[in-house]
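Here the structure comes first, spelled out in structure tokens, and everything after it is commentary.
No lab work stands behind these numbers, since they all come straight from the coordinates. The model shown is predicted, which means the values in this text are computed figures rather than measured ones. Heads up, the Cβs are rebuilt from the backbone with ideal geometry, glycines too, and the neighbour counts pull from every protein chain shown.
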């Protein structure tokens, strides 16, 4: 059975904290929603919606999503000319990481400028119950993606959304996905963070952020020169430039580093030519055995 590609958009209704390694007393956040985080949020919501007789089946539903869905990373989006347009990361020689709008000719923003537009920091501390005062050395700040873009006079610009794609194998799963109107994603959700609400329905699409796709294999394939997920590259491919990082996370009650222990290339990393990438069940990408895409190839 072939895959179907859909685009979806989620409005940020509460600040998002999508953890990454801290810098001193600052808890930093990613500027995108990794597939693993979205998979966990969808698993939790579907399980709660479909639980019968008080017996939730998190493992079964999570396994179904991994088998029949490939969840893409979500990137910040801004409402422009009647459409949610994503801001996408890209590494450029001489500039490092920059962010640019999809489908527009607007100039790019540096990573520093883009983070200024979308992030704010929340102070916090631990309380020592013995003295009912702040614990020594516990003062910290936590970066969060805000619900509105920062304008000249503060966070008064239009709202922030996160947009991306999901590959599905069957219509029944699409209907189940359509029933989910909101999710809590990321960290500190117990403290009111992480709420996102979906805008409209899943919209069928033929391209992945403008890039060609193949939908007939065991896993979908994206042909692109810029990564839109963390990716592992075969030994024969050394044309990428960008950043690499270890990607780990909790899977149930165990720490899972995925199938590969070496660092993965980060979203925005760029190759000198268009390559073909398998979208894996964890949402990360892997180079195909025939990675280089022919320039005249036609894709679904």
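What the table shows:
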read-out	value
Sequence-separation-based contact order of segment 4-292, relative, with Cα cut under 8 Å and 6+ spacing, percent	25
Footprinting exposure proxy for 118, 180, 61 (fewest neighbouring C-beta atoms within 10 Å first)	180, 61, 118
Approximate shape of segment 57-132 as ellipsoid semi-axes (Cα gyration tensor, √5λ), whole Å, largest first	32, 27, 14
Taking the C-alpha atoms of segment 1-95, convex hull volume expressed per residue in Å³	209
Largest to smallest principal axis extent of the C-alpha atoms in segment 166-213, angstrom	39, 25, 18
R0 of 35 Å, Cβ-Cβ distance residue 112-residue 175: FRET efficiency to nearest 0.05	0.25
Zero-based 10 Å bins, Cα pair distances in the chain, whole percents	6, 26, 35, 23, 8, 2, 0, 0
Per-residue Cβ neighbour rank within 10 angstrom, fewest leading, 116, 278, 108	116, 108, 278
Neighbour-count ranking [beta-carbon atoms within 10 angstrom, fewest first] of 155, 114	155, 114
